[in-house]
Amino acid sequence: MTPEQNCTACGGPIDARFARILKGVCGKCKIKQIEADPLFQLLKSLSDRVRQSPMGIATLSESERNYYVVTVFLNQVLNGGFHQFFYNDSGSLCKAVEQALEALGETSILNILRKARDTAFPGTLVLQDIEVRRDSLPFVEDANDAPESVKLLRQLNSEFYKFSEDLSLRLQSYARNNGLITENLS
């Protein structure tokens, strides 16, 4: 039998292994914590507005757009690397992400993104049509037989990860300094 402990938020039973991972709270309480986070609420609100508007990201103010596209970019690359960023809908935001990173003064990350873009799409812009973009991306089924472009994208992922925590903190400050959130973050 797996040892249990009580959730620090609601007092309900939780598997001790999950409690360590979720910092003492059960899954339901963790979801409530995430949903109460002002940055989560901001991203959800911006995402809803983008999806509901025929104008897409153009419906957002400049500071909202900068925060939104860089946050989407950050989340995609952290979740699955540059390949995932370019493969998913987020790939169509590449130019907007470049503009936002430039506006935010994030030159190191901007340079990594441009290297990744040029590696994935040599000699062309990132394609807006998702199916054509997906077909153009370098892909490998066998990790031992990866083309150089895939190996370089993996290296760029590693370079990006070194900056990701600082970028996340700067995005929090950016949101607060530009009035996108008003609550202090802990």
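HN-Hα J couplings of region 54-66 from phi, Karplus 6.51/-1.76/1.60, θ = phi - 60°, integer Hz, Gly and Pro as x?
Running phi through 6.51 cos²θ - 1.76 cosθ + 1.60 with θ = phi - 60° gives x, 8, x, 5, 5, 6, 8, 5, 4, 5, 5, 5, 4 Hz.
To the nearest 10 degrees, how steeply does helix 27-36 sit against the main Cα axis of the chain, on a 0 to 90 scale?
Approximately 60 degrees, to the nearest ten.
Measure nothing fancy, just the Cα-based angle from helix 148-177's long axis to the longest principal axis of the chain, in degrees from 0 to 90, nearest 10.
Taking the Cα atoms of the chain, the angle to 148-177 is about 60 degrees.
For region 92-142, which GluC sites (Glu not before Pro) are both in a DSSP coil and crowded by at most 15 other Cβ atoms within 10 Å?
Qualifying residues, ordered by number: Glu141.
Output the 0 to 90 degree angle, nearest 10, between the alpha-carbon long axis of helix 107-120 and the longest principal axis computed from the alpha carbons of the chain.
60
What dipole magnitude, in Debye to the nearest 20, does the chain give about its Cα centre under +1 on Lys/Arg Cβ and -1 on Asp/Glu Cβ?
480
Compute the separation of the alpha-carbon centres of region 89-114 and region 1-22 and state it in Å as a whole number.
40
How large, in percent, is the carbon and sulfur part of the accessible surface of region 88-141 at a probe radius of 1.4 Å?
After summing per-atom areas, the C and S share lands at 47 percent.
What accessible area per residue, rounded to a whole number of Å², is obtained for region 1-153 using a probe radius of 1.4 Å?
Heavy-atom SASA per residue in region 1-153 reads 58 Å².
Using a Gaussian network model of the chain whose springs link C-alpha atoms within less than 10 Å, name the residue from Gln155, Gln52, Gln99 with the highest mean-square fluctuation.
Residue with maximal mean-square fluctuation among Gln155, Gln52, Gln99: Gln52.
Do the alpha carbons of any pairs in Lys44/Lys151; Lys23/Lys151; Lys23/Lys162; Lys28/Lys95; Lys32/Lys162; Lys30/Lys115 sit beyond 26 Å of each other, and which pairs?
Lys44/Lys151; Lys23/Lys151; Lys28/Lys95; Lys32/Lys162; Lys30/Lys115
At 0.36 nm per residue, minus the direct Cα-Cα distance, what do Gln52 and Glu159 gain on full extension? Give it in nm, one decimal, please.
Extra length available between Gln52 and Glu159 comes to 35.0 nm.
Between Phe86, Phe73, Phe18, where does the largest GNM mean-square fluctuation fall for the chain, given springs only between Cα atoms within less than 10 Å?
Residue with maximal mean-square fluctuation among Phe86, Phe73, Phe18: Phe18.
The values are calculated or read from the model by the stated rules, or taken from the named source; none is laboratory data. Note that the structure is predicted; figures quoted are calculated from it, not measured. When we count neighbours, we look across all protein chains shown, and the Cβ atoms used for this are built from the backbone with ideal geometry, even at glycine. SASA here: full protein model, heavy atoms, side chains in, ligands and nucleic acids out. Shrake-Rupley method; radii C 1.70, N 1.55, O 1.52, S 1.80 Å.
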